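Enquirer: Can you read through this structure? Questions will come right after.
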Amino acid sequence: MDYALHEVLEVQEMAAFKTTCLTKSKTMRALVSDPELKEIMQQDINTSTRQLEEYSSILSKAKEMH
């Protein structure tokens, strides 16, 4: 599948935003004392990490095509 330039740029923007969110979650998780909130934040970290891997895969494929 070929990706248009605007699609690649949008994925790059989402990856940058998700990276910022992931950094914040990891930092804030260390400061949280409530176990339930810590678990929610860990789930967010896991989900964000998986999403970033998917974005990276998409961007790698797009780079190979151009």
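Read the figures in this text as sums done on the coordinates, not as results from a lab. Just so it is clear, the structure is predicted and the values come from calculations on it, not from any experiment.
Enquirer: Output the 0 to 90 degree angle, nearest 10, between the alpha-carbon long axis of helix 5-29 and the longest principal axis computed from the alpha carbons of the chain.
Expert: Between helix and principal axis, roughly 10 degrees.
Enquirer: Here's another thing I want to ask about it. For the chain, which semi-axes, largest first and in whole Å, follow from the square roots of 5 times the eigenvalues of its Cα gyration tensor?
Expert: Details: eigenvalues 192, 20, 10 Å².
In descending order the semi-axes read 31, 10, 7 Å.
Enquirer: Using only the alpha-carbon atoms, how far is helix 35-65 inclined from the longest principal axis of the chain? Give it as 0 to 90 degrees, nearest 10.
Expert: Between the helix axis and the principal axis of the chain, the angle is about 10 degrees.
Enquirer: Given a cut-off of under 8 Å on Cα pairs at least six residues apart, what relative contact order in percent is computed for the chain? Write down the numbers at each step before the final one.
Expert: Values: 29 pairs, mean separation 31.6, N = 66.
About 48 percent, as a whole number.
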